[in-house]
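**Q** Dumping the structure here so I can ask a few things about it.
The values are calculated or read from the model by the stated rules, or taken from the named source; none is laboratory data. Only a predicted model underlies this, so the values are computations on that prediction, with no experimental measurement involved. Here the Cβ positions follow ideal geometry from the backbone for every residue, glycine too, while neighbour counts run over all protein chains shown.
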């Protein structure tokens, strides 16, 4: 199956037909690891766990904000033992 190379900004993109994507179980926006072996371009799907990187992102966010503050706890019910809705 033939495919086209297209200019995208300062780069060039490969147009992958839908049947090819279906065969390898990918959709637009997926990530491929590209390598060249013996003059051939090989694209291998990168499979990541659903929540990969979440713990690191949360830790980085916590570092940016400094010590945790719970300002949201001090609203209208402050001092009440029960919440009234």
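**Q** Filter the range 27-65 down to residues that are part of a loop (DSSP other than H, G, I, E, B) and at pLDDT below 90, then give me how many there are.
**A** Our first condition is that a residue be part of a loop (DSSP other than H, G, I, E, B); within the range 27-65, this holds for 27-31, 38-39, 46-53.
Those still in the list that are at pLDDT below 90 too: 27-31, 46-53.
Within the range 27-65, residues that are part of a loop (DSSP other than H, G, I, E, B) and at pLDDT below 90 number 13.
**Q** Could you list, in sequence order, all residues of the range 13-22 that are surrounded by 10 or more Cβ atoms within 10 Å (Cβ to Cβ) and either out of contact with any strand residue (DSSP E or B) (no Cβ under 8 Å at 6 or more places or on another chain) or modelled with pLDDT of 95 or more (or both)?
**A** Residues satisfying the conditions are 16, 17, 20, 21, 22.
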